[in-house]
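Peer 1: Before I ask anything, here is the structure I am working with.
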Amino acid sequence: MANKLKFYNFTSAIDVGFWQVLAKKKLEEIKLQDDFIGIFGYYSPSQHQDLPPLFHVVPDSLIAIESNIPHGSIKANGYLKIFNTLEEFKNADREKLLAEAGKNVLTDGNQNAFILIVYADLKSYVFYYWIAFPMINFEPVEYSIHPLADHFDADKLKEALAAKLQRGENLSAFLGLKRNDEGYELLNGPSDIICFIDPAPKHDFPGAPLRNILSYISQSHSRSIDVVAIKDLISSNPNNFSLGNSQYYQITLPEINEVKFLGWELNAKGKLGPRVVDLRPQLDPLILAQSAVDLNLKLMRWRMLPELNLDIISEKSCLLLGSGTLGCQVSRNLMAWGVKKITFVDSGKVSHSNPVRQSLFDFEDARLAKLKAIAAADNLKRIYPGVDAEGIQLEIPMPGHSIAGKEAFVKEQFEKLEALIRSHDIVFLLTDTRESRWVPTLITTALDKTCISVGLGFDSFVVVRHGGTPFVENSERLGCYFCNDVVGPRNSTNDRTLDQMCTVTRPGLSFLASSFAVELLISLLHHPEVHKAPHNSETPLGILPHQLRGNFGGFSIMNYYGTAFSKCTGCGTTVVSEYLEKGFDFVANACNDPDFLEEICGLKSLDSLNEGDLIEID
């Protein structure tokens with residue numbers, strides 16, 4: 001009685017990196033699409049006699065870089081289908097999917113087709129998958145098996161195989177084998193003898209790919225087929241490998257009247273069902289954190305906001321002048337939007353009144369009286385280690401605050417601040433006095449930096465985006481934080497009572513104001529003119545107001561607009577020109593003389609106007 005041939009089925013070996021590539025593509029490119037996607041895998045002769053035939057899917061399988069397939073391996077082209085819900089995945093019509101993947105097995109020579117279906121839980125980094133290798137099911141096959149050396153010259157066959165690799169030719173699912181005077185010739189098509197790379201270990205039975213190869217060849221050739229199964233890893237040098245494990249089969253194939261497919265892989269329990277891979281234990285916690293941070297942002301682009309440009313947000317560096325109530329909230333909102341570089345500047349220390357209102361500090365920070373900027377940066381990194389946060393202890397020079405006797409120290413602080421502003425893309429003014437915002441306003445205007453100022457009252461707030469340099473001709477240039485003032489900034493900290501020395505505001509105000517400030521920035525970044533964008537310009541995220549003013553008394557938020565004031569002490573042409581010409585000397589004069597800015601800007605001359613003139617100006 002003739003022997004009946006069996007086939008060793010594949011076991012999938014999917015690289016961890018593949019799931020990371022798939023997750024990235026799903027989030028950024030595939031999104032909600034559920035079409036079939038081209039993919040490849042590969043297999044090689046088994047290197048371990050106690051392992052089943054392995055089918056490899058690697059990170060490059062979704063990128064289709066064929067050069068990354070190991071030498072002597074066989075590439076297999078397949079299909080990937082990613083389902084959007086777990087229920088869809090579980091209820092997939094497997095028979096239909098298998099037939100779809102295998103429909104060309106007998107027509108286009110794709111005998112190694114496969115299909116991989118996936119549901120990716122990107123929130124938990126858990127992947128449900130099921131892989132199938134569509135194999136034509138036919139009646140038991142009669143065969144005989146012989147040692148290769150009994151029928152072939154192994155050395156000549158090695159030379160033919162090595163020569164093919166030397167020519168840079170890829171190995172296909174099978175090759176025709178023809179004898180000639182010099183030995184053997186390998187053909188890219190069927191012949192009386194076929195040669196195929198066998199992924200099965202050295203046993204009596206070949207690997208599953210032979211099923212489809214036999215079916216394909218039997219259509220045009222005899223159903224009696226001679227097969228050389230190469231079970232050894234070959235190379236371009238015939239001296240570096242042997243064919244000691246390879247075998248020779250003589251097979252008689254039954255007539256195939258109806259094409260039916262089998263091929264879904266069994267799960268880890270040996271039953272028909274999907275497999276599950278949980279990458280959390282295998283991934284660096286920092287990578288998991290990064291993926292989780294990016295997840296919600298990238299999901300916005302699926303349906304709600306396809307135009308959202310996350311790259312332009314993440315690449316911006318933000319300088320926060322003030323690390324208190326506003327600085328804490330602004331930084332957390334920036335981090336939630338994916339900003340990676342955040343620098344805090346402050347001169348104060350954490351006090352016991354801070355932690356309940358300032359979300360980056362805790363009791364221990366207050367007990368140790370930590371430097372605010374340093375503590376804010378450290379705690380931000382504790383929340384998310386992937387953020388590049390830095391704290392700088394610095395005193396901002398302020399007009400009306402005399403620097404007599406400490407000019408060298410103040411100049412050093414000024415130059416440090418100037419360098420920080422130069423090195424950052426965005427500046428937020430979040431300090432607790434008006435005069436502490438003057439020098440940063442002056443520098444950001446001169447450097448044409450994007451600058452957003454946030455101010456708090458007891459139950460009201462203002463968010464202002466500064467309009468940029470005055471040296472670009474623009475009659476509609478937007479005003480800065482100081483453009484509504486008809487007096488210069490001066491020392492506001494003298495003669496204060498306790499309630500005036502502390503930041504006394506309704507607790508929820510800072511959260512609201514900070515949110516509006518950051519959301520305004522994100523919208524600005526989606527306009528080609530950024531901070532120079534006209535008031536109420538349109539972006540994919542909505543309009544771009546110049547100012548927002550809100551209050552809890554009436555639970556209202558108003559949208560305001562104001563052009564730059566020619567005599568402004570913060571962004572007017574006069575002060576910016578003086579700063580560019582004289583640098584720190586100009587700032588020092590403003591610090592030592594409370595009336596200096598009013599005089600140089602022309603605000604003093606407004607005192608001489610009569611009431612009718614003031615009405616005319618208004």
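Peer 1: Can you tell me the length gained on complete extension of the stretch Leu262 to Gln49, counting 0.36 nm per residue apart and subtracting the Cα distance?
Peer 2: Contour length minus Cα-Cα distance gives 74.2 nm.
Peer 1: Explain nothing, just the number: relative contact order of segment 309-617, from Cα pairs under 8 Å at least 6 residues apart, as a whole percent.
Peer 2: Result for segment 309-617 is 18 percent.
Peer 1: Can you tally the net charge around Leu286? Count Lys and Arg as +1, Asp and Glu as -1, for every other residue whose Cβ sits under 15 Å from the Cβ of Leu286.
Peer 2: +1
Peer 1: Please give the contour-minus-distance gain from Lys178 to Asn559: 0.36 nm per residue of separation, less the Cα-Cα distance, rounded to one decimal in nm.
Peer 2: Result for the pair: 128.8 nm of gain on full extension.
Peer 1: Something else about it: To the nearest 0.05, how large is the calculated FRET efficiency for Glu364 and Lys90 if R₀ is 60 Å and r is the Cβ-Cβ distance?
Peer 2: Rounded to the nearest 0.05, the efficiency is 0.80.
Peer 1: Still on this model: Got a sec? Which residues in segment 375-405 would a label at Ala289 touch, if it sits 7 Å along Cα→Cβ and we count backbone N under 19 Å?
Peer 2: Once the point is set 7 Å along Cα→Cβ of Ala289, 375-391 turn out to lie under 19 Å by backbone N, inside segment 375-405.
Peer 1: Give me the percent of DSSP beta bridges within the chain that run antiparallel, rounded to the nearest 5.
Peer 2: Bridges in the chain are about 65 percent antiparallel.
Peer 1: Can you give the % of DSSP beta bridges in segment 1-152 that are antiparallel, to the nearest 5?
Peer 2: Among the beta bridges of segment 1-152, antiparallel pairing accounts for roughly 65 percent.
Peer 1: Of Trp19, Trp337, how do they rank once you tally other Cβ atoms within 10 Å and put the fewest first?
Peer 2: Lowest to highest Cβ neighbour count: Trp337, Trp19.
Peer 1: Report, to the nearest 10°, how far helix 325-336 tilts away from the longest principal axis of the Cα atoms in the chain, using its own Cα long axis and a range of 0 to 90°.
Peer 2: 20 degrees
Peer 1: How much net charge surrounds Met335 when only other residues with a Cβ under 15 Å from its Cβ are counted (Lys, Arg +1; Asp, Glu -1)?
Peer 2: 0
Peer 1: What does the charge dipole of the chain about its Cα centre add up to, to the nearest 20 debye, if the Cβ of each Lys and Arg holds +1 and the Cβ of each Asp and Glu holds -1?
Peer 2: 1600 debye
Peer 1: Cβ under 10 Å from Phe36's Cβ, Phe36 left aside: what net charge do those residues give with Lys, Arg +1 and Asp, Glu -1?
Peer 2: Spelling it out: positives minus negatives among the neighbours equals -2.
Peer 1: For volume of the Cα convex hull per residue in Å³, several values are listed as (1) 201; (2) 230; (3) 189; flag the one computed from this structure.
Peer 2: Read-out from the structure maps to (2).
Peer 1: Hey, another quick one. Restricting to DSSP H runs of at least four residues, report the calculated mean residue ellipticity at 222 nm for the chain, -39500 (n - 2.57) per run over all residues, nearest 500 deg cm²/dmol.
Peer 2: -8500 deg cm²/dmol
Peer 1: In nm, to one decimal, how far is the modelled label at Lys582 from the one at Asn137, with both set 7 Å along Cα→Cβ?
Peer 2: Those two pseudo-labels are separated by 9.3 nm.
Peer 1: Can you compute the FRET efficiency between Asp226 and Ala163 using 1/(1 + (r/R0)^6), with r the Cβ-Cβ distance and R0 = 22 Å? Round to the nearest 0.05.
Peer 2: About 0.55, to the nearest 0.05.
Peer 1: Still on this model: With a cut-off of 15 Å, note down the residues of segment 81-124 whose backbone N falls inside the zone around a label point 7 Å from the Cα of Asp278 toward its beta carbon.
Peer 2: Output list for this probe position: 121-124.
Peer 1: Next up: Which stretch or stretches of segment 557-572 have amide N atoms under 15 Å from the point lying 7 Å from Phe471's Cα along the Cα→Cβ direction?
Peer 2: 571-572
Peer 1: Counting only pairs 8 or more residues apart or on different chains, how many lysine pairs in segment 1-125 have their Cα atoms under 15 Å apart?
Peer 2: 9
Peer 1: Test of understanding: what is the full-extension gain from Asn239 to Gln20, defined as 0.36 nm times their sequence separation minus their Cα-Cα distance?
Peer 2: Result: 74.9 nm gained on full extension.
Peer 1: So what is the relative contact order for the chain, in percent, with contacts set as C-alpha pairs under 8 Å and at least six apart?
Peer 2: Value for the chain: 10 percent.
Peer 1: How would you rank 3-10, 29-36, 459-466, highest first, on the average number of other Cβ atoms within 10 Å across their residues?
Peer 2: 459-466, 3-10, 29-36
Peer 1: Quick one: order Asp121, Asp448 by neighbouring beta-carbon count within 10 Å, fewest to most.
Peer 2: Least crowded to most crowded, the residues run Asp121, Asp448.
Peer 1: Check each of the trypsin sites (Lys or Arg not before Pro) in segment 279-381 and keep only those in coil by DSSP with at most 12 other C-beta atoms within 10 angstrom; list them in order.
Peer 2: Sites meeting the loop and neighbour criteria: Arg303.
Peer 1: Measure nothing fancy, just the Cα-based angle from helix 438-447's long axis to the longest principal axis of the chain, in degrees from 0 to 90, nearest 10.
Peer 2: 50 degrees
Peer 1: Let me ask something else about it. So what's the gap between the Cα centers of segment 418-436 and segment 76-128, to the nearest angstrom?
Peer 2: 54 Å
Bear in mind that the values in this text are calculations on the coordinates, not laboratory data. Keep in mind the model is a prediction, meaning the values are calculated, not measured. In this analysis, Cβ positions are derived from the backbone assuming ideal geometry, glycine residues included, and neighbour counts consider all displayed protein chains.
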